[in-house]
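Just below is one structure, and these are the notes that go with it.
The values are calculated or read from the model by the stated rules, or taken from the named source; none is laboratory data. The model shown is predicted, which means the values in this text are computed figures rather than measured ones. Note: accessible area is taken over every heavy atom of the protein model, side chains too, but ligands, DNA and RNA are not part of it. Shrake-Rupley method; radii C 1.70, N 1.55, O 1.52, S 1.80 Å.
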Amino acid sequence: MSDTGSNTGKVTPYRMDKTPSVDIIFKDIRYSVSTKQGPKEILKGVEGVCKSGQLNAILGSSGAGKTTLLNILCQRIQSTKKSQLSGEVLANKTPFNAQQFNKFATYVMQDDILLETMTVKECFQFAANLKTNGTAKEKNDRVQEMVKQLKLERCQNTFVGGLFVKGISGGERKRTSIGYELISDPAAIFLDEPTSGLDSFTAYSIIELLRRYAHNKNKTVTFTIHQPSSDIWDLFDRVMLMVEGRFIYQGPGGINVVNHFSSIGFQCPQYSNPADYFMSIMHAESDANVKSYPIYFQGYDTKLKSIVSSDIQNAHDGELPNKQVQTSMLYQTGQIAMRQVRILQRNPLIFKARLIQSIIISLFIGAIYWQIPGPNDNPSQRNVNDKNGFLFFWCIGMFMMTLNPCILTFPSERAVFLREENAQLYTVSPYFFGKFIVDAFPAAIFPLISCLIVYWMVGLNDENAGKVFFFILVCAILGLTGLGLGYLGGSAFSDAQMAIAVTPMLLMPFMLFAGFYKNASDYAAWIGWIQYISPFKYAFQAVTINEYSYDGPGYPQDPIKQLNFDQGMWSSLGSLAGLFAGFTIISFIFLATLKKRVQ
Ligand SMILES: Nc1ncnc2c1ncn2[C@@H]1O[C@H](COP(=O)(O)OP(=O)(O)OP(=O)(O)O)[C@@H](O)[C@H]1O
């Protein structure tokens, strides 16, 4: 990232900022986890320093503990019942917790967790709005600057893309993830394998970009990396090599690493890529390597440990910069809601497909239940059964119409929520309300469209406008209840696949206890209580009573009495609204505790 100014030659204050140094030091880090085979020691007392203004690379054999160390440096791992962590992690010799970490540093995960229907520029804009200070123009300038610095001009207006939407390339995605974090100008940035899955040229351009960020702006850039090319290897300022949870090298990169290993008897062949050579002598699958580990450890202890100790002694101890920006809850809610509107507009699964589905399914069902005779048409019991069948089926359909898209899309949004909430872009309440306000719109509007299509096709009770309105109102609240349950499923299960598998299964008892398949008065007492948490019971009850209460000649038998309902239509609607509120509140609580459970 050059400090030489933009196209216009104007040098923006953002690019000129040089951050005060932040040195991250860690001492005697030990981390072990309980496994079925007994305790497993992952880190065995490592210590070291990630220096400011430098590119600090952590390399090692697979399973050496690189990612674990990086996560510990970012305060993303704590001791739990099943894992023990000890040692100290300090920034400028000051202890910090996860919240304080966010004030001066940021973390880029290995997976690029971005919303697929947002463009690159919109991602940056969202981060700039919530993570930086300044006027709208200053934020826009910053976004433009970031797009330019990361060489994303060509794809700045392209969707990030994903499973359902075509989008930018892998390298562009990675740069977008990095830019998303860099926009707040953190003093330290940690990245877990920023080059994994990328071709060598793209990988080089990303490490080169990070190097410029470190050098030009005095930032602390630390990352884990697998199999760097020789070009990339030459860019590292500081290298940490790990095997079996211990360092075997720590110090300046390049020829210094080669010299150290040749001094203990491991000479890198002249024309080899040093990174390849070191990976080949580190990996744990080779018995010869494992036999050499004690030599590496001894070489580190005798030749490098004291240097690392003095590096730790000499690390910076100045004040930590604070990049964190506090925005109001209202502002955060507005930002989330605006983003959610875009997602809704653009995700074909959420909007277009649902609109088409609502229309086609309504027409189909309307055709199947075409003009069922009403009270004035001398109806038979068979007609009543048909109408009951329609009303019950319709309730299920209205509910599923909202639940299904929510279960399908919530897991991917949930990962984004966890990342952004973790980076303290916003808190749980603004996220939940911002998202809910917007999601509630289609959840209520699609039932309206469907009901208007089907109502007169089936020949439902249109004695007065109130009947039609009540029917639509029940369906809309049922749709919202589906949304509440979808949120609950998406946030209650830490595993997305589990949510997709289990949530629809919950519906079976709800259906059985709705009073259609079995009469409401025939449930055994020990299990009959399930009906009171079934949204289908209340919705079916409400629409049935609405349909069969009228002035005029009657049905062969009173359908309401036959069904043995124990509530009136308005009280059924109230109970349904209560369930909607209940599901929504519980899903909010689950979402608020999600972070803890996922960790
Ligand atoms: N919570 C855990 N429970 C059990 N084992 C764990 C846990 N966390 C990490 N490990 C194990 O600890 C070792 C180090 O994991 P880590 O992810 O840090 O390795 P790594 O060096 O980053 O490996 P790779 O390069 O393959 O990603 C691995 O063997 C891993 O399986």
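Leaving ligands, DNA and RNA out of it, report the carbon-plus-sulfur percent of the accessible area of the chain at a 1.4 Å probe. Looking at the chain in its full context, I get 57 percent from C and S. Sorting the Cα pairs of the range 407-455 by distance into bins of 10 Å, from 0 upward, gives 22, 40, 22, 12, 3 percent per bin. When both bridge partners sit in the chain, DSSP labels roughly 60% of those beta bridges antiparallel. Taken over the range 488-599, the convex hull of the Cα atoms encloses 108 Å³ per residue. For the chain, what's the relative contact order in percent, using C-alpha pairs closer than 8 Å and at least 6 residues apart? After rounding, I find 15 percent.
On average, how much accessible surface per residue is there in the range 329-598, in Å², for a 1.4 Å probe, leaving out ligands, DNA and RNA?
Working: 11520 Å² over 270 residues.
Per-residue value: 43 Å².
Counted over the range 517-575 with a bin width of 5 Å, the fraction of Cα pairs per bin, in whole percents, is 4, 18, 28, 23, 15, 7, 3, 1, 0. Semi-axes of the equivalent ellipsoid for the chain, computed as √(5λ) from the eigenvalues of its C-alpha gyration tensor and ordered from largest down, come to 60, 26, 20 Å. Computed as a quarter of the hull surface, the mean projected area of the alpha carbon convex hull for the range 329-598 stands at 14.7 nm².
Per-residue ellipticity at 222 nm computed for the chain from its helices equals -18000 deg cm²/dmol, with DSSP H segments shorter than 4 residues left out and the rest contributing -39,500 (n - 2.57). The largest-to-smallest principal axis extents of the Cα set in the range 297-430 are 98, 42, 24 Å.
Excluding same-chain neighbours fewer than eight residues apart, the aspartates and glutamates reachable from LYS323 by a Cα-Cα span under 15 Å are ASP17, GLU181, ASP185.
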